[in-house]
Structure formats: structure tokens, C-alpha cells
Amino acid sequence: MKKVLVTGLISLGLVLVGCGESEEEKQAREIEEGLEELSQVSNEDENETEEATTTDPLEFVDKTTDDMIFIDGANEYIINSYYVSDETDEKGFNIYEDEGFTLKYALVETKNLADADLEESKEVQIYGEVINDTKDDHYFTDRMKIKTDDKEVSDVEFGLNGAGAADQKNKFIDYFPLDYETPDSFTFQLVDPSFQGDFELEEDTEEHIVIEKEFTKE
């Protein structure tokens, strides 16, 4: 009996509160409630569409994973397109192997979200991994280059950031800087990174080319 009485008093109190609310107060309350609902929906949509981030170059360029933003210091990259050859696998990677040495790489065109208000830099980026199970260092500075369909030639900027030391494996990111527009296609060339000689003469360089392959924007 007491429980029924208490419930009745509460209901009566709510009715009295409602009756005491003016039309203007009611409209203000309804507007405020509507704005709160819109805010909740907006936050839910934002959380659903937020892209994942990674600092792993292999995960970033793997075509079989969801789209990601690659974090490199203050830079935030997304992939605009891949460059592929007739030997590029379903993940977007290309493989070069030579007696205990493996170079795994993907060539892409990216956009830097951190520079969204600036003029986009012109470059082709390369992401990948070097596994060197030999006793000799391998070098990429001045040995890895592209020649674009517009006849511009560019060497890799940082020599894969030191990847290739004897008996080590390393992931890397690097790029080919360009003065002209990013190409629709280019020839990718690698001179034997294990060779210890110089490549001052063009004929000597050609003798030691281990990769010379056409890549096209996908």
C-alpha cells in the first residue's frame, strides 16, 4: 500500500512540473535535447569513419589491409595510388632475391595530410624491408633510380636509410624526389647492391644492373 502511495505521489509531482513549464521553456528544452542527440550521432559517425594509423611501413602499403595513415614524425601519409609491374604481388610488393639477400618493396604515390594547405611535394615513395643473411654489406645510394615517362631521372634520396648491413634485417621508407609532375609510369633500376666497385662509367653500371623493370600507376 505504501509503495502504491509513493508511486502515485511521484507521478503527481511529474505532472505538476510539466504543468508548471511554460511554452517557451518547453520549446527551449526540446531544442536543447535535439542538439544533444545530433551531437551524439555526429560523434558516433566520426568514430566510425576515423582511419587507423600505423608506423609500420609494411603494414601501411599492404593492399590486403584496411586503408591506414602512416605516421612518420610530423608527417601523415595516405596512399593515392600504387605503381605495379607484371611481377607485383596481390599485396603490392615486389621481391628481389640473391643468395641470402632479399629486398621487398612497394612503390607508391602518397599525399601528406600534414601538408594539406601547402603545395604537394612531387615524389615517388618506396616502402619495404631488407633481409641480409650474408656477411657482406649491401648499398643503395646512387644504385637505385627511376626514369619517368617524362624522361626525368631520380636517385633514391637516403639510400634506404642504411638498410642492407651484413647479417641484419631492416624496414625502410625512402623516396625519389622529382622536379616535374609525378609520373604515370617509370622504369625502376637497381644496380647490384652487393657490388663493391664504383659506377663512374655507364658501361660498367649496365653490366651490374640486377633490376630494370617498367612500373605503371594502377
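The values are calculated or read from the model by the stated rules, or taken from the named source; none is laboratory data. What you see is a predicted model; the values in this text were computed from it and never measured. Neighbour counts are summed over all protein chains in view; Cβ atoms, including those assigned to glycine, are modelled from backbone coordinates with ideal geometry.
When residues in the range 66-85 are screened for being of a type in the set (D, E, K, R) and at pLDDT 95 or above, 0 of them pass.
Set side by side, the residues Ile31, Ile10 differ, and just one is of a type in the set (A, V, I, L, M, F, W, C), outside the structural domain of Tyr175 (by TED's automatic domain parsing), in a helix (DSSP H, G or I) and at pLDDT below 80, which is Ile10. Note on the range 98-115: residues that are closer than 17 Å to Arg143 by Cβ and surrounded by fewer than 14 Cβ atoms within 10 Å (Cβ to Cβ) amount to 1. For the range 156-167, the condition holds for no residue, the condition being that it is assigned to a strand (DSSP E or B) and either hydrophobic (A, V, I, L, M, F, W, C) or crowded, with 18+ Cβ neighbours inside 10 Å (or both). Being at pLDDT 95 or above and under 19 Å from His208 (Cβ atoms): is that true of Val153 here? Answer is yes for this residue. For the range 92-106, a residue qualifies if it is in contact (Cβ under 8 Å) with a residue 12 or more places away in the chain and assigned to a strand (DSSP E or B), and the qualifying residues are Asn94, Tyr96, Phe101, Thr102, Leu103, Lys104, Tyr105, Ala106.
Can you tell me how many residues in the range 46-91 are assigned to a strand (DSSP E or B), among the β-branched types (Val, Ile, Thr) and more than 10 Å from the chain's Cα centre (by Cα)?
Of the range 46-91, the ones assigned to a strand (DSSP E or B) are 52-54, 68-72, 75-84.
Remaining after also requiring among the β-branched types (Val, Ile, Thr): 53-54, 69, 71, 78-79, 84.
Narrowing further to those that are more than 10 Å from the chain's Cα centre (by Cα): 84.
Total satisfying the criteria: 1.
Can you tell which of Asp115, Asp142, Asp192 is acidic (Asp, Glu), in contact with a His (Cβ under 9 Å, 6 or more places away or on another chain) and modelled with pLDDT under 95?
Asp192
Within the range 62-80, residues that are in the same structural domain as Asn112 (by TED's automatic domain parsing) reach partners that are assigned to a loop (DSSP other than H, G, I, E, B) and of a type in the set (Lys, Arg) with beta carbons closer than 8 Å, at six or more positions or on different chains, in the pairs Asp62/Lys91; Lys63/Lys91; Thr64/Lys91.
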